Amino acid sequence: MTDPSPEAIKQALAQHSCVDDFELPGRIRDVPAATMVPLRWQSELMAIATVRTAGLRLHGGEVCFPGGTPDSPDENLQCTALREAHEELGIESPQVLGRLSRMPVYTSNHRITPWVTAIDDTVLRPQPEEVAHVLEIPLHALLRQPALEGLPFPLNDGHAWSPLFHLNGHIMFGATAHTLLELLTVLAPLYGLEVPPMKRGKTRWADILPPELVAEAEA
């Protein structure tokens with residue numbers, strides 16, 4: 001197995017059609033934000049995510065890609081993603097490969113634009129006030145699974161699947177998991193694979209969502 005090069009992923013992202021008008025029921029979700037999806041080439045291609053510190057006001061304890069909302073020095077959302085990744089993980093001078101679809105966040109009013117980057121093997125420096133753990137996600141291993149776990153949620157007049165990823169005892173869900181699934185969709189042809197089908201597993205919305213949102217997700 002040979003992992004795709006940064007240039008191959010950059011070309012695949014350039015040809016990928018982003019879906020930026022995806023809507024969810026409930027909130028307006030009009031607060032712009034940006035994340036970085038850092039890729040690192042080690043023994044195999046890894047994506048880097050974080051577990052947010054439990055005491056944070058928003059999304060405490062959740063699995064996320066580094067990111068946040070724009071600050072005054074940011075010229076655009078790409079700059080926001082780069083700045084936040086540097087602040088949270090000490091990532092410097094990443095190679096921007098392209099972006100993925102703008103994602104509404106189910107548990108807040110944010111709408112996130114993810115930027116995929118290639119980073120070198122510099123030791124990451126997690127900011128302890130925001131990052132409790134750093135997670136390395138083996139992407140080819142995810143694509144080799146017979147199925148991915150998902151949960152149904154109401155969308156328009158029917159239901160859609162929301163992916164779940166179990167990562168070292170933590171569950172990635174929501175907009176972050178949709179971003180990872182989209183990245184797998186971009187990578188799969190480069191490996192000569194297809195994205196595994198989604199099936200329901202043992203996890204339920206009550207295991208991951210605040211109690212006030214469970215009934216809405218299960219409607």
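The values are calculated or read from the model by the stated rules, or taken from the named source; none is laboratory data. As the structure is a prediction and not an experimental result, all values here were calculated from the model. Note: ideal-geometry Cβ built from the backbone for every residue, glycine included; neighbour counts use all protein chains shown. All accessible areas refer to the heavy atoms of the entire protein, side chains included, with ligands and DNA or RNA removed. Shrake-Rupley method; radii C 1.70, N 1.55, O 1.52, S 1.80 Å.
Below, the figures for the structure above:
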{"quantity": "Positions within segment 143-176 being touching a residue at least 40 places away in the same chain (Cβ under 8 Å) and either assigned to a helix (DSSP H, G or I) or open to solvent by 70 Å² or more (accessible area, probe 1.4 Å) (or both), in sequence order", "calculated": "LEU143, ARG144, GLN145, PRO146, GLY174, ALA175, THR176"}
{"quantity": "Residue ID - least open to solvent (accessible area, probe 1.4 Å), chosen from residues in segment 110-142 that are free of Cβ contacts under 8 Å to residues at least 60 places away in the same chain and touching a helix residue (DSSP H, G or I) at 6+ places or on another chain (Cβ under 9 Å)", "calculated": "LEU142"}
{"quantity": "Unmet criterion (only one of (1) over 30 Å from LEU155 (Cβ atoms); (2) assigned to a strand (DSSP E or B); (3) open to solvent by less than 20 Å² (accessible area, probe 1.4 Å)) for ILE91", "calculated": "(2)"}
{"quantity": "Residue tally, condition among the aliphatic types (A, V, I, L, M) and either outside any helix (DSSP H, G or I) or in contact with a helix residue (DSSP H, G or I) (Cβ under 6 Å, 6 or more places away or on another chain) (or both), over segment 73-88", "calculated": "0"}
{"quantity": "Cβ pairs under 6 Å, 6+ apart, first in segment 37-56 and within 15 Å of ALA141 (Cβ to Cβ), second in a strand (DSSP E or B) and of a type in the set (Asp, Glu)", "calculated": "MET46/GLU136"}
{"quantity": "Residues of segment 8-45 classified as of a type outside the set (S, T, N, Q) and part of a loop (DSSP other than H, G, I, E, B), total", "calculated": "15"}
{"quantity": "Unique match (being under 25 Å from ILE208 (Cα atoms), of a type in the set (S, T, N, Q), open to solvent by 20 Å² or more (accessible area, probe 1.4 Å) and at pLDDT 90 or above) among THR69, THR53, THR107", "calculated": "THR69"}
